[in-house]
Every structure is written in C-alpha cells, then in structure tokens.
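The values are calculated or read from the model by the stated rules, or taken from the named source; none is laboratory data. These numbers come from a predicted model, not from an experiment. Cβ placement follows ideal geometry from the backbone for every residue including glycine, while neighbour counts extend to all protein chains displayed. All accessible areas refer to the heavy atoms of the entire protein, side chains included, with ligands and DNA or RNA removed. Shrake-Rupley method; radii C 1.70, N 1.55, O 1.52, S 1.80 Å.
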Amino acid sequence: MVLQPSLKNCLRLSCALRTPKAGFKSTARGALIIQSVSNDVYQNLAVEDWIHDHMDLEKRQVLFLWRNSPAVVIGRHQNPWQECNLRLLRQKNIKLARRRSGGGTVYHDLGNINLTFFTTRKKYERMENLKLVVKALKALRPQLDIHVTDRYDILLDRHYKISGTAAKLGGTSAYHHCTLLCNADKCVLSSVLKSPYKGLKSNATPSVPAAVKNLFEEDPTLTSEMLLDAIAKEYSTQHQIDHHITLINPADETLLPGINNKTKELQTWEWVYGKTPKFSISTCLNMAYKDSVLDVKVNMDVKHGRIEVCNIDLPEQWLPPALYSELVKSLTGSKFCPNETTTLATTLLRVCPHDDELHSRWNLLCENMIMLM
Amino acid sequence: VCIHRVRSCSSIRVIKSKYVCVFDKSALKFSHQQRLFRTSAVSCGQIVQFKLSDIGEGITEVTVKEWYIKEGDSVSQFDSICEVQSDKASVTITSRYDGVIRKLHYSIDDIAFVGKPLVDIEIDASKGVASEEDVVETPPMSHEEHTHQEIKGHKTLATPAVRRLAMENNIKLSEIVGTGKDNRILKEDILNYLAKQTGAILPPSPKAEIVPPLRKSETAPAAPKDKARKIPVPVSRPIVFSGKDKTEPVTGFQKAMVKTMSAALKIPHFGYCDEIDLTQLVQLREELKALAESRGVKLSFMPFFIKAASLGLLQYPILNASLDENCQNVTYKASHNIGVAMDTEQGLIVPNVKNVQVCSVFDIAAELNRLQSLGSAGQLGTSDLTGGTFTLSNIGTIGGTYAKPVILPPEVAIGALGKIQVVPRFNGKGEVFKAQIMNVSWSADHRIIDGATMARFSNLWKSYLENPASMLLDLK
C-alpha cells in the first residue's frame, strides 16, 4: 500500500540525490524515506556510504530501510575470527561484511530489518530515533512490552534483545542504524555467531552476546513489511512529510554516481579482513600422525589480516629444517586466509624432495594450520 | 564574469582576530554571518595543537582505533586523520588545517579526551589563516546577493585561502563548480574557472592533474554551472600526469610461485605443436550435452581431452613420470592424476582429477564441475591441489592458438590447448569443408623424454579426438 515506485518519485529522488547544492525542487520538505530493492548486503552498505558522503542533510534528513539475504556484518573495528564461525560461513555461503560504523556483530537475513537514520552531526540523536521505533511498534501492537535500554538496545519482555545499534560520524554528516528482529533464523544466527577459534588475543571491539527473540514469536501476525511500514509512518508523522517510501536500486550508477565503486570496495579482502586490528594467536595443534598425537604450539601475530610473525614448535627434524624455514618464510607476509595458505603450501610442495612420508607430514601440518583460519 | 568592486568586498569586518600572514590588502576583513566562531591567530610555520572536537551526546572520551596518517605526512584541510570509537559509534576525525603532522598524541587503543590535543600540525606557510571551525557560511558579497543565496539554499564550502583567491580575481563562489569533498571549492576549481573565462595560460598549481572527467558534482544539472560551462574555450595547458609508481612486497602465494617457476625453468624444455580437427568431437559433445545435463553435470570438451590423454599415457608412460632431484631415478607413476590449470582471482591454480585411468568421461566431467565450483569459491583443499602427474592447460577459453607452457615440477610434460577456430580445410576428396580446428602445444622434459616419444603420444591423442569412435575401442 505504501510502496509505490512511481516514476515521478524516482525523478524526485534523482533530483534530491544528485543536486545537493541546487536546492530541492521536490515537495518532500524536511525528510525523505527510501527503501532498497536489493538484498545484497554490500550494495546496501554502499548506499549508506553514498548518502553519508554526498547528500546534504542540513535541510532534509533521510530514513533508509533495507533487508539482506543471509550475511554476517561485523563492526568497523572488530575481528571476524573472534566474532563468528568463518568456516561455517564459507560452507553455508553466508556473506561476511564489515560496516563503517562501530559496535558489534549481527546476523542478517530477510527476517531482520535494518533502519538507518541520516542527519547532520549536530542533529545526531540516537535515543530519539529508537524512541521513534518503539512508538511505531507500540502503535502497531500496543500489547508489546518493549523499551530502550541505556546501551541503545531495544528489549522485548525486559529480557530479549530485538534490536542493536551502531553509528558513524564524519565530516558534517552522521548516521545511526539499528536492526529489528522480526522473523530471523535463530538457529543459524546462534551457530554462525559462535567462534571456534581459540587462543586469540586482541583489542578489537568485542561483541556482547545477548538472548534474542523474534517479534514474530511474540505475535505471529507480524511481518517485516508491516514493521517497515509502521516505522515509516511514524517517521513521516514526526517529520511532517507524506507517508511515502521511495524505492531505490543500489546498482543504479546514474542515480547514485560512484556507487558501484563503493560496493566493490566493501567486498575487497583488504576491507573485510585487512581492517582487522592487530591480534595474536597462541594455540596448540593436536596432530594425529600414525599412531600418536603430536602437540604443536603455534604463535602468530596478524596485522592488517596478514601474518607478521609465525612460530611453529615442531619436534626436531620432524620436517627438514630447510623446508620448515621455507614454510615459515612463505607464511610471513601472506594473508591469514585458508585459501591463500592452501595454494601457497601446495605450490611449495612441488619443489620439495619426492618423499611420500615427507609429503604426508607437510600436508598434515598445513591442513592443521589452515584450520586456524 | 561577475565584477565585484573591491570596496564592497572590504566592507566586512573581522571579529577579534589578528593576522600575521601575508595579505595584500590591509583593509581586508571577513564577515561572520550565521554562526559566531572563534578565529585564532595563526602564523605560518607555527605548530598548532589540533584538539579533539565535540562528538555529541555528552561524550567526553573515545578510543583511538586507527590512524590514517603518521608523523611527517602532509595533510590538507578535510583529510581524514584518524578513526575513533565511542560506545558503538565510529567517528572519522578530519583535519582543520593544511600542514604537516608533527606529533600524534595517542597510540592505537589509547583513550583520547574531547577538548585535549589529538595531533600537532605545522601549518603550511603558503596557506595563510586557518580557523578552528569549518567556514560554512556564504562568501563576502553585497547584501542582496547574500539573501539571494539563502533563498536558493546554497551552501558553499571553501577554505579561507580559496576565498581569498576568488576575491582577488573578482569571482563569485556560487559560479564555481566545487570538485572537492562535499562539493567543496578547491584552488584548482578557481584556476580552471579563470582559465575558461580568460583563455589564459595559467601556471600549473603544485597539485596539477588531468582534470578527472566525471566527478560527482558534475552530474548535477544545476543552472549556475551550465552558465559557466557554455564557453568552450580550448585551454592550452601543459598536461601533467601525476600517477605514481606503486611498490608492493611479493608475499604468500606469489612468493611460492616465484620459487616453483624458478625451479621449473631449470628443466630443459622442448616444445612440439600440432593442430587437431575437432569437427566430429564438436558434434558428439552436442549430442551428449543434454544427457549429461539431465544427470546434473555440465559437459565441456575438457573431459574428452583428459580421457584421451590418459589413454595415450597408457602407451607412453614416461610422460606420466617423475625425475628425482639428482636425476638418478625415474619414477613411473601408476595413477594418472591429470591437472587442469584454472584461472582464479588469486592467480593460476592447478587442481587435478585423480586416477583418470579408471574414470569414465562422465566421471571426469562431474569431478571437473566440483573442482571448478570449489575453485571459484576459493575452497579447494590440499588433496585436490597435490599429487598431480600430468597437466593440461586450456588457455583457449581465454584465447590464443599456440603457446609455450612451462612444466610444473615434479611432472615432466604439459599441454596447452588453444581456442577452437572454424577454418577451411581439404577433405579426402579434395573438397573444401568447414573444420573446427584447435591447436595444441606440448612441452616436455628433454632430460628423459625425446621428441619422437612426444610426437607419437601427440599423434595418438590427436587420433582419439579426431575420431572419437576409436576411443571406444581402447576405453578402459
């Protein structure tokens, strides 16, 4: 009922988005509500970047509504190895993204909606935004027991977290975004957000785990669309604008010049993994070899996602010393990434002496190292 | 071009500031329109302590998470300096000054305090006055024009140095297209505008670059900018290319390739090339494609090439062998683990199909599908990537005819397949017909393999592919 992507609205938006300096020719004074037609987490994060960098929010604030297909999104200064089960993500083909705002890790799927409130830095006010969301939800379902905590979470029944918040401030603009759990897959959520990696030491922002619940569990008549609509309605009331949601396509380079570059940047290894704050790993590999189990201590320092220092405490002569140092030399400076390590190790094997015993030891060690990544 | 009388420009007043820097007109003063802000007197070459400004929401301390600059770097006003975090909010701190960073007051993970110094910046001598706040109000002009500006909702961002330049040249800032961040007007924009108006050759500014074709501001079809662009005066200016060389260390997988390829070229290679008529194979594949699809497998030409190679290796096992480091012993490998070169984001990887000698063409096709999807997802395992005994590289999917492939140790032979081209050929009756021709280029280790062996293997492989029915006879 609300989602009418008329051509007129697209043009209106196109004027608004492309000509921040030329003033506004549209009739939507004060604020604008837009919704993404894409479920690609990178494209949607790129739209946030674009609005943050290019729109003049002085006279008009923006509310951006979006949903993603399964993805894990970590905060700007977090460590993905610490926050989630990367192996499981790869297996299940769940994307990993790093956003530009701070805060903790979240699991996104179509049952989880995202709201971004764009304002100037001076008008940045998270509490107000969250109160708006609560007001909208209460208007929709007055019996819901929901409130905002001082950590900017929204709790259901005083206990279950249904929304988390993060924010980004820079230059003259700011944005505050939050999630809202409507009908997400809680099984997948809890399994992917549990890290299997041991021995990590880092100053990256840690996530604070919380018990979660879907609004759908409280009231099965609720859908994501209803929630989006209710929030848009409340926003339009408070900003005295038409209750109208403009749809945008995050792949539209004409509407959002430069957006595809932003999308690409968010997908690069250098951004997703390379921006991990420096961390160290101190752990023990238990390698089952022939009839015994070897305990091999491993110590590594990882900076910018690359191995800076690598120490593997192997029994003497288990690998020829020359080969061992070749392995360590190659690992140093390479990405802390299973694919990189696999291709590196198998390529190096080509120039190792032809010895089946040696080859099987080499493969065993490399496979165990790869499990750390 | 709008003419500004200097008199009207200088009718504005300064509020509590002193200037030590170079100004042509001593009567020059600035006005503060909307917001009152402090301007602090700064002399050139002086070191200024840039304080951490208010974050909002009553926050007094933040954690420094990342520095974008280091001591000794030059910064311009509005460049990003660092990223700080406070209570789930990540904040990008941008510089208020042009200059050189002289001191960082915090390390990563330190707590920084609002109102306390963040970095020390040595102010750039040529840039003049810097104010503590962004100068965001409209530039000096007569009162009516100022009101006009407000009605249009115009916001022009420019540093004081840029405003001075505009004023000195009698330019209205509203006429200029800003190409900096947030549509900020840069010194280059003023110079470009002047060049267009006067057709003069201007001395290139220190940061002269080829004007980038389409920046975000240029996609906006606002009226004032159109006016400025209608004069297509060809400007002859020396074109300066400011691209810089980029040096990166060779790491990880690349390092391993360096080692492997260096070892590979120690092998004395010889090459042998030929052309294969695939007309019959093309037809056969067309017929079998649908059947394979119904079993959920994509059938390309590779499974045929691989199986034919394995049949050939049964007759010429020396091509599936390995020479030890001292060249003392040759090991004839029992398994035909045929590697398939794959181009991925990482570069060249070579997973192999194990035991082709006991696989059917369909088995090989299924296995190739599996390896290809793992390869593109970056999830190939060590067993897939080790144990190869012979390699085929289908470079023809990208292009090319003949190639000179490099043997991958510890193997002794490799084949590169060019693209399939439709060319005219003569048949047995002397008639011209359309033939589907592919070129193959073999390389082999001349220490243990001679040309005749390679040629005979190639002929056998060729005969299987040119007449696929003959493969049936020898299929194991």
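Highest GNM mean-square fluctuation among A:GLN91, A:GLN267, A:GLN61, for chain A modelled with Cα contacts below 10 Å: A:GLN91.
Shown is the FRET efficiency for A:ASP145 and A:LEU110, computed with R0 = 41 Å from the Cβ-Cβ distance and rounded to the nearest 0.05: 0.95. Taking Lys and Arg as +1 and Asp and Glu as -1, the other residues whose beta-carbon sits under 9 Å from that of B:THR397 total 0. Legend: P(r) of the stretch A:48-166 from all alpha carbon pair distances, 5 Å bins from 0, whole percents, reading 2, 10, 16, 20, 20, 16, 10, 5, 1, 0.
At 0.890 mPa s and 25 °C, plugging the Kirkwood radius over alpha-carbon pairs of the stretch A:279-372 into Stokes-Einstein gives what diffusion coefficient in µm²/s?
Values: Rh = 13.6 Å.
In µm²/s, the coefficient is 181.
Each of B:PHE270 and A:LYS59 was given a label point 7 Å from its Cα along the Cα-to-Cβ line. The distance between the two points is 8.1 nm. Computed per residue of chain A from DSSP H runs no shorter than four, each worth -39500 (n - 2.57), the mean residue ellipticity at 222 nm is -10000 deg cm²/dmol.
Restricting to DSSP loop positions (anything but H, G, I, E, B) with no more than 14 other Cβ atoms inside 10 Å of their own Cβ, which GluC sites (Glu not before Pro) remain in the stretch A:207-282?
Details: sites: A:GLU217, A:GLU218, A:GLU225, A:GLU234, A:GLU253, A:GLU265, A:GLU270; in loops: A:GLU253.
Taking the stretch A:207-282 and a limit of 14 other Cβ atoms within 10 Å, the loop GluC sites (Glu not before Pro) found are A:GLU253.
So, counting K/R as plus one and D/E as minus one, what does the shell of residues with Cβ under 12 Å around B:LYS307 add up to? It would help to have the intermediate numbers written out before the result.
Details: positive: B:LYS476; negative: B:ASP363, B:GLU367, B:ASP474.
Result for the neighbourhood of B:LYS307: -2.
If you run the Gaussian network model on chain A, springs between alpha carbon atoms under 10 Å, then out of A:LEU180, A:LEU247, A:LEU294 the most flexible one is A:LEU294.
Take every pair of alpha-carbon atoms less than 8 Å apart whose residues are at least six positions apart; their mean separation over the length of the stretch A:30-273 yields a relative contact order of 28 percent. Compared with the dominant Cα axis of chain A, that is its longest principal axis, helix A:7-18 is turned about 60°.
Here r is the Cβ-Cβ distance between B:ALA377 and B:SER463 and R0 is 41 Å; the resulting FRET efficiency, rounded to 0.05, is 0.60. Here the stretch A:155-189 is scanned for amide nitrogen atoms under 19 Å from the site 7 Å beyond the Cα of A:ASN39 along Cα-to-Cβ, giving A:179-189. With the radius of gyration and the Kirkwood radius both derived from the Cα set of the stretch A:257-319, what is their ratio Rg to Rh? Checking Rg against Rh, the ratio lands at 1.26.
Taken across both chains, chains A and B shield about 5100 Å² of accessible surface from a 1.4 Å probe.
Probe radius 1.4 Å, ligands and nucleic acids left out: which of A:HIS176, A:HIS243 has the largest accessible area, and how do the rest follow?
On the way: A:HIS176 0, A:HIS243 70 Å².
Sorted by accessible area, descending: A:HIS243, A:HIS176.
Of the peptides A:155-162, B:305-312, A:168-175, B:429-436, the order by per-residue mean of other Cβ atoms within 10 Å, starting with the highest, comes out as B:305-312, A:168-175, A:155-162, B:429-436. Ranking B:TYR68, A:TYR124 from most to least accessible surface, computed with a 1.4 Å probe over the protein chains only, gives B:TYR68, A:TYR124. Just checking the listed ones, A:ILE248, A:ILE34, A:ILE312: in the Gaussian network model of chain A with Cα springs under 10 Å, the one fluctuating most is A:ILE312.
For chain A, the share of DSSP beta bridges that are antiparallel, to the nearest 5, is 80%. For chain A, the Kirkwood estimate of hydrodynamic radius, built from reciprocal distances between every pair of different alpha carbons, is 22.8 Å. In this structure, A:ALA210 and B:SER335 have a Cβ-Cβ separation that, at R0 = 45 Å, corresponds to a calculated FRET efficiency of about 0.25.
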